[in-house]
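Below is one structure, written out as structure tokens, with a few remarks after it.
The values are calculated or read from the model by the stated rules, or taken from the named source; none is laboratory data. Because the structure is a prediction, the values reported are computed rather than measured. Reconstructed Cβ throughout: ideal geometry from the backbone, glycine too, with neighbour counts over all protein chains shown. Accessible surface is based on the protein model in full, side chains and every heavy atom, while ligands, DNA and RNA are left aside. Shrake-Rupley method; radii C 1.70, N 1.55, O 1.52, S 1.80 Å.
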Amino acid sequence: MTALATERLCKNFLGVQALRELSIEFKEGQCTGLIGPNGSGKSTLLNVASGLVPISEGAIVLSKHRLNCLKPHQILKYGMSRTFQDGRLIGQISVLDNLLLAMAERKPFRALFQFRKNDDLARAEEMLRRVNLWDKKDVLANGLSYGQRKLLEITRAMATGAETYLLDEPFSGLFPEAIEIIAGLSEDMKKKGKTIVLIEHSMDLITRLCDRVIVMDAGKLLAQGTPQEVLHNADVLEAYLGK
Amino acid sequence: MDLFFQVFVNSLVIGSLYGAIAMSFALAYRTTRFFNLAHGSMAAIGGYIFFWVRDNLGADFILSLAAGILAAGLAGFLIDRFIYAPQRQRKASSTVLLVVSLGIVTVIEAVLSMMFGPQFRPLVTAGQISSFQIGPAFITHVQVWIIAVNLLIFGGLIALLYKTKFGRMIRAIADDADVARTLGIRTDFYIGIVFFIAAALAGLVGILNGLDTGLQPTMGFYLLLKGIVASIIGGVGSIPGALLGGVLLAVVENTGVFTIGSEWRDAIAFVLLLVFLALRPQGILGKGGG
Amino acid sequence: MDYLINLSILFSIYGILAVSLNLLVGYTGLVSLAHAAFYGIGAYAAALLMTKAQMGFFPAMLCGMGLSACAALVIGMVLSKFRGDYYVIASAGCTIIVYNILMSWREVTNGAIGIFGVPRPAIGDFVFTSNFAFLGLAFAFLVLIVLAAQLIASSSFGRVLKAIREDEDVARVFGYRPLHYKMLIFVISAMMASVAGSLFAVYLMFIDPSTFKLVENVFLLAIIILGGLADNRGALIGTLILIGLPELLRFTGFPTEIAAQMQKVVYGLLLIVLMFLRPQGILGKFRI
Amino acid sequence: MQPLLELSNVHVEYNRFRALCGIDLACGQNQIIALLGPNGAGKSTILKAAFGLLPISQGTIQWQGETVKPAPPDMVQSGLSFTPQGKSVFPTLSVKENLETAVHFIKDRKDIQSRLDEVVSLFPALEGKWNAEAGTLSGGQQQMVVLARGLMTRPRLLLLDEPSLGLAPKLVKEVFMKVKEINQRLGMAFVIVEHNLKSLLDIVDHAYVLRQGKVISSGPPTDAALRDTIQNIFKL
């Protein structure tokens, strides 16, 4: 079963082709690693798949719906959530509010009559405790350290209860302890049968977490397969190392 | 037909005023990327200093003109040096700068009101107005000057920006001030000069506007709002766009005034602005989006 | 004493304006200069309906709110196309257009002369003729509106507004539609401003367009920036200070005309200095 | 030998965030130095601090043997240049104008012309694009303009912030070959910040690996401990 797929997907930015007729698929319940050198189009793919940048040509297939035009507020309805590489938290509201943002009422009129007492605080507490952020729940998100921001970023995405998660370099720049926590969260998600798309540079983590790996280069699919196969693929080595 | 011609001449005069203030505004805007609402107040300062030097010190026309322009330029420079530059250093958002400039407008208008009175003040008496006829339309000498000065400002600014080293630096800073700083360019120095030039030009426009109709402390803000409308219509930050936008705005305004009445002038201008912002936010000559 | 009552009534009316504008500027990050327009629409709706159609105050006020809501839907849709500084300029344009209509549509608004003889409100046989009684009414409305604003701020809706203020894309990715939220808060805020306008019209029993100029909106902006963005108490404190301030200047013995200008100098300087020292205002939780 | 640029125990903080905690680093004459490490490790911050774009809260910076409090205009004139991350050309200026902005402090037109000629000889591809707006060039060409602009001041040391950003691997290689060529022909030193490119190791004399504001390993590219650390961080 396919959770997310692209069909001959193209994306042009002012004449630069970030994605060139990319056709790939991410299988349901699997963790797929997405690797490739800087500028190979990984983040662009995530942005296109989450509707933040429009599709130039081709289509996205999301839980069997074939879409040429995708709005960001719809992706959650199709069961997809994502994180951002630079950790885009809402800086001037509290940690707890950031998390609740992913769990609360979406319709404006109903949101007007939903107050703190209606929020699922028990679940929020459980999730924040898991990443050691419960003590910080009333701190403004701007006051978090780099690592804490990354932890909250992924927790917030998980709080949506989506089926598919697009994770954009969740591990980059983290200390081993934080890496362990996020790796643990990812493994839990896999056990629950969730689909994960993971952009990551460290092959250790890729080998540990991913069932499949897709290698991109210059907006195109370069190789795919199990981590072992990909690691020994000559094309990949050349693209990555420039050797 | 005769009336049509007069409307056209009037549009040209008013369009020149709008265009001139819009061009000077655009010069500062393209370098610093914020709506400096205090820019119009430089026109008021220029007008009032001209008036004060001429009538209280008894200086001749040229000297008063120079004093008015210089005072406006200096005011613009000092406001940048002591208010905008420190804010830029703190990486203030353009909205913060806009709010600051609103504060400056309020202060300058109030101070001018205290010094010169809040009421409207003509700079020339009815008997001093000399006009002549081109075809069926009348035009005063001051109005001819307004059109001429407008064209001079246009030529001068284009030459300054594209033919001089100073202009190259300004365009570089406008493109990316952070990169300019990494080349060791003292961006605040250049921006200070830009503010001086822009404010001095605004001062000149204020004097001409004063000679054409009269002075009022609030005239600058009003003039600038029209200048901003002109600037946005033409493509914000573009000098030719500002000129074009000014004339277009005046033509639409005067045609509207001619059809439905002079009291609707401002509404016409801002409806035009909203239409442009909604349909073509980058303006006539603009490239990027708004 | 009468003087203090006068001030308190002004405080109530400006308090309503400040709190409602803060919902836009502070919570949602929309620096709107169109607020004076809705203030004007509310005032003129009440004045016209009460003098020309002999309507009671409360129905007239409700009609004004309805009219403001409709205007806000149109203006809000137009403004929703803009971001940042363009939003500020476009919203200023809306206030100027409404002011221009109030000035020039003489058949209805009586132009610059304004509307005289607006009656005071009445409930049954009781008429709020004395300023003291009127203060009670105005203050009651202030309390109602502050409560409403407080509820909005503490609801999920308020949280989403703050998210939109900082990062619309993130709000979108989490399933919210920023346009809907912005439109709803814009309409709510306009209706609140309209209430303040209606109260103002029946308080002075006379209105003319000069009250609803752009500069009034700048004054409101100064109030909420001083008090603090995204904090309702801040908006009230800002109102208290900036309504009280000119009265202090009155005691300095300057002639009225100069004192009026001094007052402008002070709030202009306040805006400039605040942006340096404390851009989020006294109690503010948000920096523009 | 006296190093050209030397940082001792440099700390940088902004917004109460400790970006650098005690950096020691030296770049000798004619050397190419690489700063490697993950995002947010503080690599760019080092360049900015050395060039005076960010104030340091502790430590000293020595430039050509003297302790300095760097400010960009002074540093540029004393032979240190900085090229920022990304396609940092001035997009609406022509290529020629882009290069001329770098030598804004030079009055002599002949001198400027001779520098332009010199740069063209290094980047022959730019000659045909002399009057094109830099924003219309391809990504690789823009990076060449940035590099060329950095050379206009004839610096003794050029700080390069992620020159590979947004470039295809082949182009990245070209940029690095150019750097090596300039280094050998003109004897110019480089400090290059890179994210995860090991191909950079082929041209450098010395590399530093950073993590969370600290140097965790350094040495010549052949150094086994350094290689190990890089293996551990990038795992490829």
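Between a first residue in the stretch D:167-179 that is over 22 Å from D:L157 (Cβ atoms) and a second residue that is β-branched (V, I, T) and at pLDDT 70 or above, which pairs have beta carbons less than 8 Å apart while being 6 or more apart in sequence or on different chains?
Between residues of the stretch D:167-179 that are over 22 Å from D:L157 (Cβ atoms) and residues that are β-branched (V, I, T) and at pLDDT 70 or above, the close pairs are D:L167/D:V175.
Just to be sure before I move on: is C:R106 more than 11 Å from chain A (Cβ to nearest Cβ), open to solvent by 10 Å² or more (accessible area, probe 1.4 Å) and of a type in the set (K, R) in the structure I sent?
Yes; evaluated as a whole, the condition is true for this residue.
Only one of these conditions is not met by D:V89: (1) more than 15 Å from D:P155 (Cα to Cα); (2) open to solvent by 50 Å² or more (accessible area, probe 1.4 Å); (3) modelled with pLDDT of 90 or more; (4) outside any helix (DSSP H, G or I). Which number is it?
Here D:V89 clears every test but (2).
Quick check on A:L174: is it open to solvent by less than 50 Å² (accessible area, probe 1.4 Å), within 14 Å of chain D (Cβ to nearest Cβ), within 19 Å of A:S43 (Cβ to Cβ) and part of a helix (DSSP H, G or I)?
no
Report whether or not B:A71 is touching a helix residue (DSSP H, G or I) at 6+ places or on another chain (Cβ under 6 Å) and over 30 Å from B:D175 (Cβ atoms).
yes
Any residue at all in the stretch A:204-226 that's over 23 Å from C:F174 (Cα atoms), aliphatic (A, V, I, L, M), more than 14 Å from chain D (Cβ to nearest Cβ) and under 16 Å from the mean Cα position of the chain (by Cα)?
yes
Please state which one of C:I241, C:I223 is touching a Gly at 6+ places or on another chain (Cβ under 9 Å), closer than 28 Å to B:S94 by Cα and within 14 Å of chain B (Cβ to nearest Cβ).
C:I223
Restricting the stretch A:100-145 to residues that are more than 13 Å from chain C (Cβ to nearest Cβ) and within 18 Å of the chain's Cα centre (by Cα), which is farthest from C:G158 (Cα to Cα)?
A:V131
Test A:G193 against the stated conditions and say whether it is more than 14 Å from the chain's Cα centre (by Cα), outside any helix (DSSP H, G or I) and more than 26 Å from C:A171 (Cβ to Cβ).
Here the answer is yes, as A:G193 does meet what is asked.
Name the pairs: first residue in the stretch D:50-65 and farther than 15 Å from D:L5 by Cβ and without any contact (Cβ under 8 Å) to a residue 60 or more places away in the chain, second residue open to solvent by 60 Å² or more (accessible area, probe 1.4 Å) and not hydrophobic (A, V, I, L, M, F, W, C), Cβ to Cβ under 6 Å, at least 6 apart or on different chains?
So the pair list comes out as D:L54/D:K48; D:S57/D:E13.
How about the stretch C:1-29: which of its residues are open to solvent by 10 Å² or more (accessible area, probe 1.4 Å) and either in contact with a Lys or Arg (Cβ under 7 Å, 6 or more places away or on another chain) or in a helix (DSSP H, G or I) (or both)?
Selection gives C:D2, C:Y3, C:L4, C:I5, C:N6, C:L7, C:S8, C:L10, C:F11, C:Y14, C:Y27, C:G29.
For the stretch A:97-129, enumerate the residues that are in contact (Cβ under 8 Å) with a residue 24 or more places away in the chain, open to solvent by less than 10 Å² (accessible area, probe 1.4 Å) and of a type in the set (A, V, I, L, M, F, W, C).
Within the stretch A:97-129, A:L99, A:L100, A:L101, A:A102, A:A124, A:L128 meet the criteria.
From the list A:G173, A:G143, pick out the single residue that is modelled with pLDDT under 90 and closer than 20 Å to A:D204 by Cα.
None of the other options fit; the residue is A:G173.
Do the conditions hold for D:L80, that is, is it within 30 Å of D:Q2 (Cβ to Cβ), open to solvent by less than 60 Å² (accessible area, probe 1.4 Å) and modelled with pLDDT under 90?
no
Do the conditions hold for B:R121, that is, is it over 21 Å from B:R54 (Cβ atoms), within 22 Å of the chain's Cα centre (by Cα), in contact (Cβ under 8 Å) with a residue 60 or more places away in the chain and surrounded by fewer than 18 Cβ atoms within 10 Å (Cβ to Cβ)?
no
Here is a list: C:S189, C:S210, C:S194, C:S198. Which entry is modelled with pLDDT under 95 and of a type in the set (G, A, S)?
On inspection, the qualifying residue turns out to be C:S210.
Identify the residue in the stretch B:235-290 that is among the acidic types (D, E) and open to solvent by less than 40 Å² (accessible area, probe 1.4 Å) and, among all such residues, is nearest to the other protein chains (Cβ to nearest Cβ).
The extreme case among them is B:D266.
Can you go through B:V107, B:V100 and tell me which one is open to solvent by less than 10 Å² (accessible area, probe 1.4 Å) and under 28 Å from C:L270 (Cβ atoms)?
Of the residues listed, the single one that is open to solvent by less than 10 Å² (accessible area, probe 1.4 Å) and under 28 Å from C:L270 (Cβ atoms) is B:V100.
Scan the stretch B:65-82 and tell me whether some residue there is over 17 Å from the mean Cα position of the chain (by Cα), open to solvent by less than 30 Å² (accessible area, probe 1.4 Å) and in contact (Cβ under 8 Å) with a residue 24 or more places away in the chain.
No, the stretch B:65-82 contains no residue that is over 17 Å from the mean Cα position of the chain (by Cα), open to solvent by less than 30 Å² (accessible area, probe 1.4 Å) and in contact (Cβ under 8 Å) with a residue 24 or more places away in the chain.
I need the full set of residues from the stretch A:203-233 which are surrounded by fewer than 22 Cβ atoms within 10 Å (Cβ to Cβ) and in a loop (DSSP other than H, G, I, E, B), in order please.
Within the stretch A:203-233, A:D211, A:A218, A:T226, A:H232, A:N233 qualify.
When you scan the stretch D:92-135, how many residues do you find that are of a type in the set (S, T, Y), open to solvent by 20 Å² or more (accessible area, probe 1.4 Å) and assigned to a helix (DSSP H, G or I)?
Final tally of qualifying residues: 2.
Given the conditions (1) under 30 Å from A:T207 (Cα atoms); (2) aliphatic (A, V, I, L, M); (3) open to solvent by 10 Å² or more (accessible area, probe 1.4 Å), report the number of the one that D:I230 does not fulfil.
Of (1) under 30 Å from A:T207 (Cα atoms); (2) aliphatic (A, V, I, L, M); (3) open to solvent by 10 Å² or more (accessible area, probe 1.4 Å), only one is false for D:I230: (3).
For D:S44, work out the one condition from (1) surrounded by fewer than 24 Cβ atoms within 10 Å (Cβ to Cβ); (2) away from every other protein chain (no Cβ under 14 Å) it doesn't fulfil.
That leaves (2) as the condition not met.
Using the structure shown, decide if A:L76 is within 17 Å of the chain's Cα centre (by Cα), within 9 Å of chain C (Cβ to nearest Cβ) and either more than 29 Å from A:V16 (Cβ to Cβ) or part of a loop (DSSP other than H, G, I, E, B) (or both).
Yes.
Listed here are the residues, each with its yes/no results for (1) among the basic types (K, R); (2) over 29 Å from C:Y3 (Cα atoms); (3) under 16 Å from the mean Cα position of the chain (by Cα); (4) open to solvent by 40 Å² or more (accessible area, probe 1.4 Å).
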residue: C:A133; (1), (2), (3), (4): no, no, no, no
residue: C:G136; (1), (2), (3), (4): no, no, no, yes
residue: C:A153; (1), (2), (3), (4): no, yes, no, no
residue: C:E166; (1), (2), (3), (4): no, yes, no, yes
residue: C:Y176; (1), (2), (3), (4): no, yes, no, no
residue: C:H180; (1), (2), (3), (4): no, yes, no, yes
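Of the residues B:S16, B:S11, B:S93, only one is among the polar types (S, T, N, Q), surrounded by fewer than 24 Cβ atoms within 10 Å (Cβ to Cβ) and more than 26 Å from C:N217 (Cα to Cα); which?
B:S11
Only residues that are open to solvent by 10 Å² or more (accessible area, probe 1.4 Å), within 13 Å of chain B (Cβ to nearest Cβ) and under 22 Å from D:V179 (Cα atoms): list them for the stretch D:59-77, please.
Matches in the stretch D:59-77: D:Q77 only.
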